[in-house]
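Accompanying notes for the structure given below.
The values are calculated or read from the model by the stated rules, or taken from the named source; none is laboratory data. All figures in this text were calculated on a predicted structure; none of them were measured in a lab. Backbone-built Cβ (ideal geometry, glycine too); neighbour counts: all protein chains shown. Please note that ligands, DNA and RNA were not included when accessible areas were found on the heavy atoms of the full protein model with its side chains. Shrake-Rupley method; radii C 1.70, N 1.55, O 1.52, S 1.80 Å.
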Amino acid sequence: MNELISKRWSPRAFSADATVSDDELRTVLEAGRWAPSHGNSQPARFIAGHRGTGTFDAIFETLTRGNKTWAFRASVLLIGCVLTTDDRGDIPNVEFGLGLAMENMALQAVDLGLIAHMMGGFDKEAAHSTFAMPADVRPLVAMALGRQGDVADLPEDLQAREQRERKRLPLSETVFTGTWGQSQFS
């Protein structure tokens, strides 16, 4: 397995002093642009803002209270959206396309020495309204992007979560053959 995959995680301890350059942000977004999508529909769209801009602040205001306790230190906040229609009609599997784009972006961030944390905890209706999104666009996920900060800067409950061991279910519990529950791998 490529080390980029095993090194990717979702930290919350961002450095409030660090920045992400426009070139780094462009590189991360280019990685998302090259993600596979259903029929090459490319449904992923993004709203992005650097810390200190109105766009960052507007994205920040849509976040849930828990995410606000740490995301203000990120260098960039993004909202990942899907375009649900194109000239062929409804686009199938738009969530799949955005998910692949976001993972490409997270892996590219790791490659650049950045950290990324995706968040479902934000007000999608507020984001839709705030950014005057068309009716056929749906905001689905937010992302904080930046550089690793000090875990001690996080609220106490998040410090423990930040430092716990990362775990993944073994393939023996997630890959089946023949019938459901019959493991492909022992």
Exposed-loop-free span, longest in the chain, where trypsin sites (Lys or Arg not before Pro) count as exposed if DSSP calls them loop and at most 12 other C-beta atoms lie within 10 Å: 1-87
Computed magnitude of the charge dipole of the chain (debye, nearest 20; Cβ of K, R +1, Cβ of D, E -1): 320
Selected from 16, 144, 132 as most flexible by GNM, with the chain as the system and alpha-carbon contacts under 10 Å: 132
Cleavage-rule hits (chymotrypsin sites (Phe, Trp or Tyr not before Pro)) in segment 1-66: DSSP loop, at most 15 neighbouring Cβ within 10 angstrom: 9, 34
Volume in Å³ per residue [convex hull over Cα atoms, computed for segment 1-127]: 117
q = 0.12, 0.18, 0.25 Å⁻¹: log10 I(q)/I(0) that the Debye formula gives for segment 1-63, counting C-alpha atoms only: -0.46, -0.99, -1.26
Sequence-separation-based contact order of segment 29-110, relative, with Cα cut under 8 Å and 6+ spacing, percent: 44
Distance from segment 27-62 to segment 132-186 (C-alpha centre basis), Å: 19
Eligible lysines near residue 167 by straight Cα distance, threshold 29 Å, same-chain separation 8 or greater: 7, 68
Carbon + sulfur, % of accessible area of the chain - ligands and nucleic acids excluded, 1.4 Å: 50
Helix-derived mean residue ellipticity, 222 nm - over the chain, DSSP H n ≥ 4, -39500 (n - 2.57), to 500: -10000 deg cm²/dmol
